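Here's the structure we're looking at; comments come further down.
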Amino acid sequence: MSAASPHHRIGDAARLSGVPAATIRYYEKEGLLPVQVRADNRYRLYSDDEIHRLRFIRLCRAMDMSLDEVRTLLSLGRGPDTAADHAACATVDEHLSHVRTRLHELQALESQLLSLRGRCDGTDGSRCHVIEALHDRADADPLPLPDPPARRHV
């Protein structure tokens, strides 16, 4: 191992990056991380640059970015490049739009759950009407029309 570019086994890479070893293998399989060189003993070896890349991926995933969004950002590189800066901004804008849509969906869900929870307010002795309300709603809701396949974000 050279001092300029130390190589770490997968357990050390996991500890240094905060990414579990199984997830590191998955990222390799998905092409987010290059397939690693192996030592004579067949252990995967990771450089400091690859540890940084794993930290970058972890940060993006913590912001709920999809693998495709992470892949796009990784492809842009780190140097000063106006086109890359604009591409990164467009990727973040698209993700922000998804987050805002999801936020509205979660607010609607919160409202539904609060309404449902209100059915068990303790005013009817020990009787709670949550299950009854769920069954009533299941009977009242019409069957949804088939939607085109949803575009999953993650």
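Quick note: the coordinates plus some simple rules give every number you see, no bench work behind them. Nothing here was measured: the structure is a model prediction, and the numbers come from that model. Cβ atoms come from the backbone with ideal geometry, glycine included; neighbour counts cover every protein chain shown.
In the neighborhood of THR91, defined by Cβ-to-Cβ distances under 12 Å, what is the net charge if each Lys or Arg adds +1 and each Asp or Glu adds -1? Mind dumping the intermediate values first?
Details: positive: ARG71; negative: ASP68, GLU69, ASP85, ASP93, GLU94.
Net charge around THR91: -4.
What length, rounded to one decimal in nm, is gained on full extension from ALA140 through to ARG25, with 0.36 nm per residue of separation minus their alpha-carbon distance? List each step's numbers first, then the result.
On the way: separation 115, 0.36 × 115 = 41.40 nm, distance 4.69 nm.
Contour length minus the Cα-Cα distance gives 36.7 nm.
So who's got an amide H within less than 5 Å of the one on TYR46, skipping anything under 5 residues away but keeping other chains? H placed 1.01 Å off N, in plane.
Amide H neighbours of TYR46, under 5 Å, 5+ apart: HIS8, ARG9.
Label-point separation (nm) for ARG55 and ALA90, each offset 7 Å from Cα along Cα-to-Cβ?
The modelled label-to-label distance comes out at 3.0 nm.
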